[in-house]
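**Student:** Attaching a single structure in structure tokens format; questions to follow.
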Amino acid sequence: MIALVDCDSFYASCERIFRPDLAHKPVVVLSNNDGCVIARSKEAKALDINMGVPWFKVKKRYLAKGGVVFSSNFALYGDISRRVMAVLKMMSPRTEIYSIDEAFLELSGISKHIGCEKMGITIKSTINKWTKIPVRIGIGPTKTLAKVASYQIKKYDLPSRVLVLNDKHSIEKALKETPIIKVWGVGSRLAKKLVVENVETAWDLSRLPPEYIKQKFSVVLERTLRELNGEQCLEIEDIQPTKKQIMVSRSFAHKVNDLSMLHAIINDFVARAAEKLRSEQQKCSSVSVFIRNSYFRKEEYECGFNNFILPYPSDDTRDFLKVVNKMLPLMYKSNVQYSKAGVMLSSFSNSSTVQDVVFPELHQKCNSALMKTMDKLNYYGYPVYLASQNAGRFNPIQRKMVSPKYTTNWNDLPLVR
Ligand SMILES: [Mg+2]
């Protein structure tokens with residue numbers, strides 16, 4: 001049996017951990033630059049605040065009803081996610097972290113002894129007790145059925161937050177109640193095509209011959225169909241595939257035209273990307289950078305892009321800064337109002353297997369100890385920067401209502417009086 005553990009309104013739930021006063025209040029979290037609503041508590045959903053709606057459109061109405069709003073605080077959400085996943089890893093020998101707030105767990109060995117339902121309830125209450133994050137747990141013989149179970153809990157707002165689909169009758173009932181678009185792996189375009197074929201529910205799909213679906217659609221949908229019928233086609237992937245690229249990009253709250261300001265802001269992105277690279281134990285040899293103006297302006301669309309291949313794989317921020325600072329002036333146009341920029345690192349190789357260089361005097365030696373020390377200081381909330389970084393001088397991204405970094409910065413530790 002497989003369990004899908006999904007955190008309820010994850011970002012909003014994270015904001016509540018250290019704010020018990022918000023327990024039953026509507027809470028929403030906004031995207032970068034406080035643009036759109038990207039997470040809603042149950043109470044906010046009840047106020048008809050839709051996912052993705054621009055904040056300015058609902059602000060007045062929402063605040064008038066006593067709603068609480070936060071800018072996104074990804075330092076907090078990332079750290080809480082890490083804690084939730086650590087608990088899950090303790091509770092099952094095989095876990096697959098599927099997204100920031102979802103994971104699949106193998107239950108087979110454990111649940112034989114205490115039963116799936118009881119196991120689910122134990123996982124739920126442990127997560128809740130240790131991290132204060134509410135979760136729902138769908139359990140079924142396949143990943144796709146675990147997802148169906150999770151959808152059922154959400155749809156009927158089941159108070160136990162745990163649902164096991166393990167017999168023919170309960171599976172059939174759940175499939176009949178699941179619209180095709182809610183089936184895992186079926187996107188809106190595919191759903192439209194299926195509805196034309198009179199496939200309106202998960203049950204309808206499960207009744208079709210697999211060969212027909214494979215021919216008419218794809219082998220992926222055939223696998224979904226088989227999974228709906230209880231045949232395991234998708235394994236738990238407990239070894240995370242290594243990343244192929246790392247991208248750090250942001251839209252600016254205000255247009256930027258000044259080259260030195262752009263330099264400083266982009267150097268921050270480079271530092272962040274390099275930090276992520278080192279946390280994955282990778283080195284990279286390809287560095288790309290882009291700057292562009294807004295799609296939605298009257299002036300002509302301008303996008304500058306450049307790529308540089310390093311002569312050797314590196315994870316030293318200074319190596320990347322050097323090439324980015326060479327590329328940027330070549331792309332920059334003084335008459336353009338830039339509204340977004342980004343940095344991408346790719347062509348990775350594992351840190352431990354990188355070949356040494358033949359002519360070390362030709363380039364700055366990677367200083368791993370220095371970089372590691374910087375990463376540690378930054379992690380524990382004693383920020384250190386390279387001199388060319390922005391380091392808070394300009395504020396390209398607007399987050400006016402951000403909560404403290406309760407769990408990742410000593411200065412933000414919650415006080416109990
Ligand atoms: Mg969720």
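The values are calculated or read from the model by the stated rules, or taken from the named source; none is laboratory data. All values reported here derive from a predicted model rather than from experimental measurement. Every residue, glycine as well, gets a Cβ built from its backbone with ideal geometry; the counts of neighbours run over all protein chains shown.
**Student:** Give, as residue ranges, the strands (runs of 3 or more DSSP E) completely inside the range 244-359 that count at least 3 residues that are aliphatic (A, V, I, L, M). Walk me through it before giving the result.
**Tutor:** Values: elements: 245-256, 282-292, 303-314, 338-350.
Those strands (runs of 3 or more DSSP E) span 245-256, 282-292, 338-350.
**Student:** Just a yes or no: is a residue in the range 202-220 surrounded by 20 or more Cβ atoms within 10 Å (Cβ to Cβ) and touching a strand residue (DSSP E or B) at 6+ places or on another chain (Cβ under 9 Å)?
**Tutor:** Taking every residue of the range 202-220 in turn, at least one turns out to be surrounded by 20 or more Cβ atoms within 10 Å (Cβ to Cβ) and touching a strand residue (DSSP E or B) at 6+ places or on another chain (Cβ under 9 Å).
**Student:** If you don't mind, there's one more thing I want to ask. Kindly evaluate VAL69 against the criterion of being away from the ligand (no atom under 16 Å from the Cβ), buried (at least 16 other Cβ atoms within 10 Å of the Cβ), at pLDDT 95 or above and of a type in the set (Val, Ile, Thr).
**Tutor:** Yes; evaluated as a whole, the condition is true for this residue.
**Student:** How many residues does the range 1-22 contain that are under 24 Å from GLY138 (Cα atoms) and either free of Cβ contacts under 8 Å to residues at least 60 places away in the same chain or polar (S, T, N, Q) (or both)?
**Tutor:** So the answer is 3.
**Student:** Being of a type in the set (Gly, Ala, Ser) and within 22 Å of ALA253 (Cα to Cα): is that true of SER31 here?
**Tutor:** For SER31, the condition - of a type in the set (Gly, Ala, Ser) and within 22 Å of ALA253 (Cα to Cα) - is met.
**Student:** Please find, within the range 80-103, the residue that is surrounded by the most Cβ atoms within 10 Å (Cβ to Cβ) out of those that are farther than 15 Å from ILE127 by Cβ and more than 16 Å from the ligand (Cβ to nearest atom).
**Tutor:** Among those that are farther than 15 Å from ILE127 by Cβ and more than 16 Å from the ligand (Cβ to nearest atom), it is ARG94.
**Student:** Scan the range 145-155 and give yes if some residue there is modelled with pLDDT of 95 or more, more than 19 Å from the chain's Cα centre (by Cα), within 14 Å of the ligand (Cβ to nearest atom) and among the aromatic types (Phe, Trp, Tyr), otherwise no.
**Tutor:** yes
**Student:** Then there is this: Is one or more of the residues making up the range 78-100 aromatic (Phe, Trp, Tyr) and modelled with pLDDT of 95 or more?
**Tutor:** Here is the first cut: in the range 78-100, the residues aromatic (Phe, Trp, Tyr) are 98.
Within this subset, residues satisfying the condition of being modelled with pLDDT of 95 or more are none.
The answer is no, given that none of the residues of the range 78-100 is aromatic (Phe, Trp, Tyr) and modelled with pLDDT of 95 or more.
**Student:** Quick one: which of LYS283, LYS322, LYS333, LYS326 is within 18 Å of THR373 (Cα to Cα) and at pLDDT 90 or above?
**Tutor:** Just one listed residue meets the conditions, LYS283.
**Student:** It is to be established whether one or more residues within the range 7-25 are among the acidic types (Asp, Glu), under 16 Å from the mean Cα position of the chain (by Cα) and outside any loop (DSSP other than H, G, I, E, B).
**Tutor:** Taking the range 7-25 first, the residues among the acidic types (Asp, Glu) are 8, 15, 21.
Pick out the ones that are also under 16 Å from the mean Cα position of the chain (by Cα) and you get 8.
Cutting the leftovers down to outside any loop (DSSP other than H, G, I, E, B) gives us none.
No - not one qualifying residue is present in the range 7-25.
**Student:** Kindly indicate whether any position in the range 7-16 is of a type in the set (A, V, I, L, M) and surrounded by fewer than 16 Cβ atoms within 10 Å (Cβ to Cβ).
**Tutor:** So far as the range 7-16 goes, no, none of its residues is of a type in the set (A, V, I, L, M) and surrounded by fewer than 16 Cβ atoms within 10 Å (Cβ to Cβ).
**Student:** On to the next question. Among the residues of the range 29-55, which ones are closer than 17 Å to ALA75 by Cα and within 16 Å of the ligand (Cβ to nearest atom)? Step through it out loud before you land on a result.
**Tutor:** Initial filter on the range 29-55 (closer than 17 Å to ALA75 by Cα): 29-34, 38-39.
Passing the criteria: VAL29, ILE38, ALA39.
**Student:** Restricting to the range 402-416, count the residues that are free of Cβ contacts under 8 Å to residues at least 24 places away in the same chain and among the β-branched types (Val, Ile, Thr).
**Tutor:** Total meeting the criteria: 1.
**Student:** Here's another thing I want to ask about it. Could you tell me whether the range 110-129 includes any residue that is surrounded by 21 or more Cβ atoms within 10 Å (Cβ to Cβ), within 18 Å of the chain's Cα centre (by Cα) and within 16 Å of the ligand (Cβ to nearest atom)?
**Tutor:** no
**Student:** Could you count how many residues in the range 1-27 are within 14 Å of the ligand (Cβ to nearest atom) and in contact with a Gly (Cβ under 6 Å, 6 or more places away or on another chain)?
**Tutor:** Going through the range 1-27 one residue at a time, the tally reaches 1.
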